[in-house]
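Nothing in this text is a laboratory measurement; each read-out follows from the coordinates by a stated rule. None of the values given here were measured: they were computed from a predicted structure. Virtual Cβ from ideal backbone geometry, glycine too; neighbours counted across all protein chains shown.
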Amino acid sequence: MHVAIVIPARYASSRLPGKPLLRATGKYLIQHVHERACAARCAAQVIVATDDPRILAAVESFDGTAVMTRKDHPSGTDRVAEVAAGLAADVIINLQGDEPLIDPGSLDLLAGLLADDPGAGMATLAVPITDRAAYDSPNVVKVVCDDRGRALYFSRASIPFHRDAEPDFRATPPRVRQHLGVYAYRRETLLTIAATPPHPLEHAEKLEQLRVLGTGGAIRVGLVAHAHRGVDTPADYDAFVRAYRAGGTRHAA
């Protein structure tokens, strides 16, 4: 399969404006993410999709590939789809531009999930939930899978609901899983998703992936041991910088 990793990166951010251009480590934040993507063995192409010429210039300064997209996209998925429409890739991986600690092996796993499951148009990742607080939190998106590893449902609610007992957070394989927001799509699936109106389930949960399940699509879910932590706030970025300077991100680009 020809795999392209597309990194949507916009300048505007309500909690951290100009986030892709933060450079306290000596590298732009978007550069860290780009280098992680390039380290994935599956990556035939790595492209930053942006709406701002400053980000375009930053990516080109470290010899990366960037393309300008429309400013009015409602989501990163739509921005990635605009780029995918002009690519010949079989699989598109949507890697958010604020994931400087993503494991390249996780990106390879995503591509492999689609190679192993021809009937799935999309793949994503999950991590075991190991405590009650995460299970109960509406800020933690949960996913329930069938025995083939395909998603049955995603929710901010506590699923699967255990009527008669506490969830077993030590079960093997884990039955209580947190969804991680990184995706691989077959190109035609991605273009179809972008052209499909939001589904009522998507409106209710505010989860884009329910557009796929709600319209009968199949999503393969891979399990990883640890969640990758993104940069959403100034505190998140400060923590990343401290860890980077201390050498605590030895797997980081």
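Could you rank the peptides 121-127, 215-221 by their average count of other C-beta atoms within 10 Å per residue, with the highest value first? Numbers along the way, then the final one.
Working: 121-127: 23.7, 215-221: 18.6.
Highest to lowest by the protection proxy: 121-127, 215-221.
Quick check on region 41-104: take the gyration tensor over C-alpha atoms, sort the square-rooted eigenvalues as a ≥ b ≥ c, and tell me if it's rounded (a/c under 1.5), prolate or oblate. Don't skip to the end; give the middle numbers.
Working: a/c = 1.37, a/b = 1.07, b/c = 1.27.
Rounded is the answer for region 41-104, as its axis ratio a/c remains below 1.5.
May I ask you to derive the relative contact order of the chain, considering only C-alpha pairs under 8 Å and at least 6 residues apart, and to give it as an integer percent?
Working: 488 pairs, mean separation 59.0, N = 253.
Relative contact order of the chain: 23 percent.
State the label only: which of [x] 145, 41, 36; [y] 56, 38, 31; [z] 57, 41, 33 corresponds to Cα extents along the principal axes in Å computed from the shown model?
Identified label for the calculated read-out: [z].
Placing unit charges on C-beta atoms (Lys and Arg positive, Asp and Glu negative, everything else neutral), compute the dipole magnitude of the chain about its Cα centre in debye, rounded to 20.
Values: 29 positive and 29 negative charges, 78 e Å.
Rounded to the nearest 20 debye, it is 380 debye.
Looking at the chain, send over the antiparallel percent of its DSSP beta bridges, to the nearest 5.
Roughly 45 percent of the beta bridges in the chain run antiparallel, per DSSP.
Along the three principal axes, how long is region 90-154 when you take its alpha carbons, biggest first, rounded to the nearest angstrom?
Extents along the principal axes: 39, 32, 16 Å.
Percent relative contact order of region 1-91, based on C-alpha pairs within less than 8 angstrom and at least six residues apart?
On the way: 135 pairs, mean separation 32.1, N = 91.
Once divided by the residue count of region 1-91, the mean separation gives 35 percent.
Helix 234-245 sits at what angle to the longest principal axis of the chain, using alpha carbons and giving 0 to 90 degrees rounded to 10?
Tilt relative to the chain: about 70 degrees.
Given the rule -39500 (n - 2.57) for each run of at least 4 DSSP H residues, summed and divided by the residues of the chain, what is its mean residue ellipticity at 222 nm, to the nearest 500 deg cm²/dmol?
On the way: 9 runs with 78 residues, N = 253.
Rounded to the nearest 500, it is -8500 deg cm²/dmol.
Note the angle between two axes, namely the Cα long axis of helix 104-116 and the longest principal axis of the Cα atoms of the chain, as a number of degrees from 0 to 90, rounded to the nearest 10.
60
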